[in-house]
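For reference, the structure is listed below as structure tokens.
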Amino acid sequence: MTTSPTPSAETVTLRERGLNLLRSCSKHGQALENHCLRLARFTMALADKEGIAVDEDLTYAACYLHDIGLCVEDPTEKNYLKRGHQFALERTADWGLTEPQKKFLADVMLYSHSLAAVPHISAQGDLVRRAVSVEHSLGKMRHGLDAATCRAVFREFPRRGFNRVLLSFFRIAILDDGIKELVRVFFPSHNATV
Ligand SMILES: [Fe+2]
């Protein structure tokens, strides 16, 4: 019998690490993973369209982590973005990220759900923020992407089961965290922390 060698820390990509973290906390399975994959694909497509250089490996990892504050419990923090950011800070401390990589990850964790432009967000972080609107508008808001590109992403990573995930997330954001924090999620510029 042959066994596969255990991959060393160096051979595990950031994307795999992000997925492993998501799977360690999420009860939503493929429905949530597909949402994260669509977000990463829309981000990469926007980067390509706008000629913005992105770290693809870290982009996938960040997209896997972006909703993790809605999957973990922390009674000390009622804002799910800050909860997720704290989780990511703790779990990625040994990833060897550079300062720009840390800034990008923080931008995604704290501002990807902002409905308004965030003055100090990185160009790469803003790609993810706008990719969220492509995703949640079902491709109606495309930020310059063509409709066929968006349809292909939705076809490759179907939304099957995702409405149930959204319902669970809304319950947490509204009933557990509260409307006041939800407003801060959508309009975070007034209480920016990075
Ligand atoms: Fe999300």
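Given the criteria farther than 25 Å from Phe162 by Cβ, without any contact (Cβ under 8 Å) to a residue 24 or more places away in the chain and among the basic types (Lys, Arg), does Lys102 qualify? Let's see the steps before the verdict.
Values: farther than 25 Å from Phe162 by Cβ: yes; without any contact (Cβ under 8 Å) to a residue 24 or more places away in the chain: yes; among the basic types (Lys, Arg): yes.
It is true that Lys102 is farther than 25 Å from Phe162 by Cβ, without any contact (Cβ under 8 Å) to a residue 24 or more places away in the chain and among the basic types (Lys, Arg).
Does Glu33 meet the test of being of a type outside the set (A, V, I, L, M) and modelled with pLDDT of 95 or more? Yes. Scanning the stretch 65-78 for residues that are in contact (Cβ under 8 Å) with a residue 40 or more places away in the chain and farther than 25 Å from Arg38 by Cβ turns up just one, Lys78. When Gly144 is tested against (1) surrounded by fewer than 18 Cβ atoms within 10 Å (Cβ to Cβ); (2) touching an Asp or Glu at 6+ places or on another chain (Cβ under 8 Å); (3) over 16 Å from Leu39 (Cα atoms), only condition (3) is not met. Within the stretch 109-127, is even one residue within 16 Å of the ligand (Cβ to nearest atom) and aromatic (Phe, Trp, Tyr)? Scanning the stretch 109-127, I find at least one residue that is within 16 Å of the ligand (Cβ to nearest atom) and aromatic (Phe, Trp, Tyr), so the answer is yes. When residues in the stretch 156-186 are screened for being part of a loop (DSSP other than H, G, I, E, B) and either under 17 Å from the mean Cα position of the chain (by Cα) or modelled with pLDDT of 95 or more (or both), 5 of them pass.
Take the residues in the stretch 79-108 that are buried (at least 22 other Cβ atoms within 10 Å of the Cβ) and among the aromatic types (Phe, Trp, Tyr), then tell me which one is farthest from Leu32 (Cα to Cα). The selected residue is Phe104. Scanning the stretch 26-69 for residues that are among the aromatic types (Phe, Trp, Tyr) and over 11 Å from the mean Cα position of the chain (by Cα) yields a total of 1. Looking at Val153 and the list (1) on the phi > 0 side of the Ramachandran plot; (2) part of a helix (DSSP H, G or I), which single condition is not satisfied? Of everything listed in (1) on the phi > 0 side of the Ramachandran plot; (2) part of a helix (DSSP H, G or I), Val153 misses just condition (1). Restricting the stretch 36-78 to residues that are over 16 Å from Gln124 (Cβ atoms) and surrounded by fewer than 22 Cβ atoms within 10 Å (Cβ to Cβ) leaves a set whose member that is nearest to the ligand (Cβ to nearest atom) is Leu37.
Examine the stretch 131-144 for a residue that is touching a Gly at 6+ places or on another chain (Cβ under 8 Å), more than 21 Å from Cys25 (Cα to Cα) and either within 14 Å of the ligand (Cβ to nearest atom) or not basic (Lys, Arg) (or both), and state whether such a residue exists. No.
The values are calculated or read from the model by the stated rules, or taken from the named source; none is laboratory data. Since the model is a prediction, treat every value here as computed from it, not as a measurement. Positions of Cβ are generated from backbone atoms using ideal geometry, with glycine treated the same way; all protein chains shown enter the neighbour counts.
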